[in-house]
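Here is the structure we will look at.
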Amino acid sequence: MRSTPASLPSPPSECGICGRAFEEGERMHNILVEREGGGWERKSFCAACAERGKGGGYLCRWTSEYAPRPKPRPLPAELAADLLGNLLGRPEWAGAANLFAWHLVRRRTLKHLSTFKREGVDYNLFEAKGTGRRFEVPFAEPGEEDRRRFFELLEMLEESER
């Protein structure tokens, strides 16, 4: 995806020259540069490094205050399990449910127990940590629509966690 100035990544948590971690409320010096292959890149520096490197070659320069990103609160295991169970009850959500189950494994909410075959269909068996609830998730190769639904679901969950 080609980045535009409106889709720049969040500032880094350390100076791009000396590597020192920014402290909350510290003034950062930022520049916007165009990458050789296209797109934009934001670079952030501490005051000392910015003072030493007064070069050009950037599209714009600004200062901002460093504020660490709040850590996302984990999705409660029971809610995640209920959501996965509901998705599995909807055939049109099979691919997104498969992606969501593996996402929950990464977040350590589910544990993958095994893979098995029933009536010619491959399944993954998962168990919800804490509740012991088990889910048989049919393997479904996710398509573009499944990915869209999955990312939309994650976005809604992230908004509800704020």
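Worth a mention:
- Amide H contacts under 5 Å for Met28, placed H, 5+ residues apart: Ser64, Glu65, Tyr66
- GNM flexibility winner over the chain from Glu24, Glu41, Glu119 (Cα, springs under 10 Å): Glu119
- This model, with +1 at the C-beta of Lys and Arg and -1 at the C-beta of Asp and Glu, gives the range 77-161 a dipole about its Cα centre of some 500 debye.
- Look at the dipole of the chain built from charges on Cβ: of Gly132, Phe100, Gly85, the Cα furthest out on the positive end belongs to Gly132.
- The GNM of the chain, with springs linking C-alpha atoms under 10 angstrom apart, assigns the highest mean-square fluctuation among Gly89, Gly130, Gly38 to Gly38.
- Given +1 at the Cβ of Lys and Arg, -1 at the Cβ of Asp and Glu and no other charges, the dipole of the range 5-65 around its Cα centre is 220 debye to the nearest 20.
- Dipole magnitude of the chain about its Cα centre (Cβ charges: Lys, Arg +1; Asp, Glu -1), debye to nearest 20: 460
- Integer Hz, Karplus 6.51/-1.76/1.60 couplings in order for the range 18-24, x for Gly and Pro: 8, x, 5, 5, 6, 9, 4
Every number here is computed from the coordinates shown, using simple stated rules; none is lab data. These numbers come from a predicted model, not from an experiment. Glycine gets a Cβ as well: all are built from the backbone with ideal geometry, and neighbour counts include every protein chain shown.
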